[in-house]
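Here is the structure we will look at, set down as structure tokens.
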């Protein structure tokens, strides 16, 4: 099986990592190395709650880089593009992956997941709980695993879903504590950067010019560019281009999508203009990137 997958479906994710399955759209993975996912960016069609148990790595989520270290938690959605790299030889983590359908199957509220602030697109995807909170989360993981192992039990899936809901509320409590700490330390410039980053990952397919983002944030293009450069070391325009190229790289690794259709999906007038844009920013043509990433 080719493990370099741009769109990582739940079934493919499960093939790679699942220890215990509760159907195809919910599984728990025990301490595993994520090296087979490290080289290229990918997007999962499931929700991921992961916790690092040993070692270190760089975790890139929508182009923002975070440090994975013991007790660090990854909270990812289908809207996040992920890459894990520079991992130490002993880097391990546990994680739970589930679909929205699995969680809301027996729920009256189909928007139940949206009530958790860490699963919103503007959320912080990597948090650093204290060791006590991390231990409590790991205990819930183990409880879910134990319930999934009782395959003869008539309600083992329902019980696991119920414990998953408990886990999500516990993570919400930890996230709120972390978010208050981070928000309290933010300057006005850092706040503008956060708003800009959120907007970029909502609008990069339709808008590739700085003027649009400046207008939306009620600042001048000059002020926006200077602020983003000061906070991140890169200009606003570079962030926009990087978001477009990241999406293109994920899509190019899906060989069922033609390059012409891909160009159309990210609002380029034609394949030629997309090809020039991609080559300028990625250093190779879209077809060359597709060939290299398939090896």
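The values are calculated or read from the model by the stated rules, or taken from the named source; none is laboratory data. Here the structure is a predicted model, which means the values were calculated and not measured. Neighbour counts run over all protein chains shown; Cβ positions are idealised from the backbone, glycine included.
The table that follows gives values for the structure above.
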read-out	value
Members of segment 250-268 found to be in contact with a helix residue (DSSP H, G or I) (Cβ under 8 Å, 6 or more places away or on another chain) and either closer than 24 Å to residue 221 by Cβ or at pLDDT below 90 (or both), listed by number	251, 252, 253, 255, 257, 266, 268
So residue 230, is it loosely packed, with under 15 Cβ neighbours inside 10 Å, out of contact with any strand residue (DSSP E or B) (no Cβ under 8 Å at 6 or more places or on another chain) and touching a residue at least 24 places away in the same chain (Cβ under 8 Å)	yes
Within segment 29-55, tally of residues that are at pLDDT 80 or above and surrounded by fewer than 16 Cβ atoms within 10 Å (Cβ to Cβ)	1
Residue 264 vs. criteria without any contact (Cβ under 8 Å) to a residue 60 or more places away in the chain, out of contact with any strand residue (DSSP E or B) (no Cβ under 7 Å at 6 or more places or on another chain), more than 20 Å from residue 82 (Cα to Cα) and not in a helix (DSSP H, G or I)	no
Exclusive hit being in a helix (DSSP H, G or I) and under 30 Å from residue 264 (Cα atoms), set 179, 202	202
Qualifying residue in segment 86-101 (condition: in a strand (DSSP E or B) and surrounded by fewer than 22 Cβ atoms within 10 Å (Cβ to Cβ))	yes
Residue satisfying all of: in segment 117-159; touching a helix residue (DSSP H, G or I) at 6+ places or on another chain (Cβ under 7 Å) and over 23 Å from residue 71 (Cα atoms); modelled with the highest pLDDT among these	159
Pairs where the first residue, in segment 238-258, is touching a residue at least 40 places away in the same chain (Cβ under 8 Å) and not assigned by TED's automatic domain parsing to the domain that holds residue 279 and the second is buried (at least 21 other Cβ atoms within 10 Å of the Cβ) and part of a loop (DSSP other than H, G, I, E, B), C-beta under 7 Å, 6+ apart	none
